[in-house]
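Here's the structure, in structure tokens; my notes come after.
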Amino acid sequence: MGRYSGKNAVITGGGSGIGLATAKLLVDEGARVLITGRSQATLDAALEHLGAHAVAVRGDVAALPDLDALAERAKDELGTLDALFVNAGIATLTPFASTTEEAYDELFAINVKGAYFTVQKLAPLLNTGAGVVLTTSVANAIGLPETSVYAAGKAALRSMARSLSSELLPRAIRVNAVSPGPVDTGALAGTMTEEAAEQFTAQRVADNPMRRLGTPGEIARAAAFLAFDATYTAGAELVVDGGATQL
Ligand code: NAD
């Protein structure tokens, strides 16, 4: 019997990075997990890693018909849910002077609208006592350059952890946020050149009180704690950043 035996979870963006590490932690402890993502190849590779207790549904969180289809599949595959990890997101850097309307709309469509409607569409499946975890970022608390749109979107999510909690607590459903600092995942791939990503990462390491990046597993443990164990916590944000925003 694992710690999460008999529990069901949906993890958006669960095919890679923080989402995949969380799916692995939950599956290894006995949960059944449904992961989502946009790339079928990524989801197939993740399922190989996760084994028989995981299923995958391809879809775009910014497209409401895809979220309706996700809710149907989650109901068919899992019945009801004990945890919902709203983790899918993109981390496009947008220098203020050259931010395009397209980049702005894409960031908000995926990171904000996608998260909001993921919770709305899956909320009917959540059991009494379930935990919803939104993935914010330390960018919502500090003024990092080139993150004005990304950070504003994550600040919106941080706010939603409070307001959605107030609407879902009558069903004993808690909504909280996990706020990662710099974590070693694929999030930067495709948003900048390899050289720029190396420089960006080196700067984050140098600035961090622990002089290292976080690991996906460290965020996964915090997300699992909020989803299952933080039974007297609602509307909160757990920062997992090596102390970067505190020291
Ligand atoms: P990642 O790129 O490995 O994971 C993001 C996942 O989201 C991918 O699996 C991707 O397929 C999925 N995704 C993106 N757009 C989607 C869409 N429209 N529909 C469905 N799925 C979509 O990166 P990660 O670092 O694991 O990021 C996970 C979350 O953590 C993101 O919300 C990110 O903003 C946040 N975060 C990451 C860091 C970091 O340093 N890595 C720091 C703070 C916050």
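The values are calculated or read from the model by the stated rules, or taken from the named source; none is laboratory data. Being a predicted model, the structure only gives us computed values, none of them experimental. Positions of Cβ are backbone-derived with ideal geometry, glycine not excepted, and every protein chain shown enters the neighbour counts. Surface areas here come from the heavy atoms of the whole protein model, side chains and all, with no ligands, DNA or RNA. Shrake-Rupley method; radii C 1.70, N 1.55, O 1.52, S 1.80 Å.
So which residues in the stretch 195-223 are in contact (Cβ under 8 Å) with a residue 24 or more places away in the chain, among the hydrophobic types (A, V, I, L, M, F, W, C) and touching a helix residue (DSSP H, G or I) at 6+ places or on another chain (Cβ under 8 Å), if there are any at all?
Answer for the stretch 195-223, where residues must be in contact (Cβ under 8 Å) with a residue 24 or more places away in the chain, among the hydrophobic types (A, V, I, L, M, F, W, C) and touching a helix residue (DSSP H, G or I) at 6+ places or on another chain (Cβ under 8 Å): Leu213, Ile219, Ala220, Ala223.
Of the conditions (1) open to solvent by less than 20 Å² (accessible area, probe 1.4 Å); (2) outside any loop (DSSP other than H, G, I, E, B); (3) hydrophobic (A, V, I, L, M, F, W, C), Ala21 fails just one. Which one is it?
So Ala21 meets the others, but not (1).
Can you tell me which condition Met210 does not meet? The list is (1) within 27 Å of Lys24 (Cα to Cα); (2) touching a strand residue (DSSP E or B) at 6+ places or on another chain (Cβ under 7 Å), and all the others hold.
Of everything listed in (1) within 27 Å of Lys24 (Cα to Cα); (2) touching a strand residue (DSSP E or B) at 6+ places or on another chain (Cβ under 7 Å), Met210 misses just condition (2).
Looking at the stretch 188-202, which of its residues are open to solvent by 90 Å² or more (accessible area, probe 1.4 Å) and either modelled with pLDDT of 90 or more or on the phi > 0 side of the Ramachandran plot (or both)?
Across the stretch 188-202, there are no qualifying residues.
Among the residues of the stretch 166-187, write down those that are open to solvent by less than 10 Å² (accessible area, probe 1.4 Å) and of a type in the set (A, V, I, L, M, F, W, C).
Matches in the stretch 166-187: Ile173, Val175, Ala177, Val178.
If you go through the stretch 25-36 one residue at a time, do you hit one that is in contact with a strand residue (DSSP E or B) (Cβ under 9 Å, 6 or more places away or on another chain), at pLDDT 95 or above and on the phi > 0 side of the Ramachandran plot? Break it down stepwise before answering.
First, pick out the residues of the stretch 25-36 that are in contact with a strand residue (DSSP E or B) (Cβ under 9 Å, 6 or more places away or on another chain): 26-27, 31-36.
From what is left, the residues that are at pLDDT 95 or above are 26-27, 31-36.
Add one more test, that the residue is on the phi > 0 side of the Ramachandran plot, and what stays is none.
Within the stretch 25-36 (the criterion being in contact with a strand residue (DSSP E or B) (Cβ under 9 Å, 6 or more places away or on another chain), at pLDDT 95 or above and on the phi > 0 side of the Ramachandran plot), the answer is no, since none of the residues qualifies.
Pick from Ala56, Ala52: which is over 19 Å from Lys154 (Cβ atoms), of a type in the set (A, V, I, L, M) and part of a loop (DSSP other than H, G, I, E, B)? Step through it out loud before you land on a result.
On the way: Ala56 fails: part of a loop (DSSP other than H, G, I, E, B).
Of the residues listed, the single one that is over 19 Å from Lys154 (Cβ atoms), of a type in the set (A, V, I, L, M) and part of a loop (DSSP other than H, G, I, E, B) is Ala52.
Scan Ala88, Ala130, Ala97 and give me the residue that is more than 18 Å from Ala63 (Cβ to Cβ) and crowded, with 18+ Cβ neighbours inside 10 Å.
Working: Ala88 fails: more than 18 Å from Ala63 (Cβ to Cβ); Ala97 fails: crowded, with 18+ Cβ neighbours inside 10 Å.
When all the criteria are applied, what remains is Ala130.
Go through (1) more than 10 Å from the ligand (Cβ to nearest atom); (2) open to solvent by less than 60 Å² (accessible area, probe 1.4 Å); (3) more than 24 Å from Asp28 (Cα to Cα); (4) touching a residue at least 24 places away in the same chain (Cβ under 8 Å) for Leu226 and report which single condition fails.
All conditions are met except number (3).
Report yes if Val132 is under 14 Å from the mean Cα position of the chain (by Cα) and closer than 17 Å to Gly14 by Cα, otherwise no. I'd like the intermediate steps shown before the answer.
Details: under 14 Å from the mean Cα position of the chain (by Cα): yes; closer than 17 Å to Gly14 by Cα: yes.
Yes: the conditions hold for Val132.
Just to be sure before I move on: is Gly14 of a type in the set (Gly, Ala, Ser), touching a strand residue (DSSP E or B) at 6+ places or on another chain (Cβ under 9 Å), crowded, with 19+ Cβ neighbours inside 10 Å and under 19 Å from Ala155 (Cβ atoms) in the structure I sent? Give the derivation first.
Numbers: of a type in the set (Gly, Ala, Ser): yes; touching a strand residue (DSSP E or B) at 6+ places or on another chain (Cβ under 9 Å): yes; crowded, with 19+ Cβ neighbours inside 10 Å: yes; under 19 Å from Ala155 (Cβ atoms): no.
Here the answer is no, as Gly14 does not meet what is asked.
The rows are residues; the columns are (1) among the acidic types (Asp, Glu); (2) more than 15 Å from the ligand (Cβ to nearest atom); (3) open to solvent by 50 Å² or more (accessible area, probe 1.4 Å).
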residue: Ala31; (1), (2), (3): no, yes, no
residue: Ala52; (1), (2), (3): no, yes, yes
residue: Arg58; (1), (2), (3): no, no, yes
residue: Ala71; (1), (2), (3): no, no, no
residue: Asp76; (1), (2), (3): yes, yes, yes
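Residues of the stretch 65-87 being within 15 Å of Val55 (Cα to Cα) and without any contact (Cβ under 8 Å) to a residue 24 or more places away in the chain, which ones?
Ala69, Glu72, Asp76
Collect the residues in the stretch 203-215 that are of a type outside the set (D, E, K, R) and surrounded by fewer than 21 Cβ atoms within 10 Å (Cβ to Cβ), keeping them in residue-number order. Quick ask: steps written out before the conclusion?
Here is the first cut: in the stretch 203-215, the residues of a type outside the set (D, E, K, R) are 203, 205-206, 208-210, 213-215.
Gln203, Val205, Ala206, Asn208, Pro209, Met210, Leu213, Thr215 - these are the residues of the stretch 203-215 that are of a type outside the set (D, E, K, R) and surrounded by fewer than 21 Cβ atoms within 10 Å (Cβ to Cβ).
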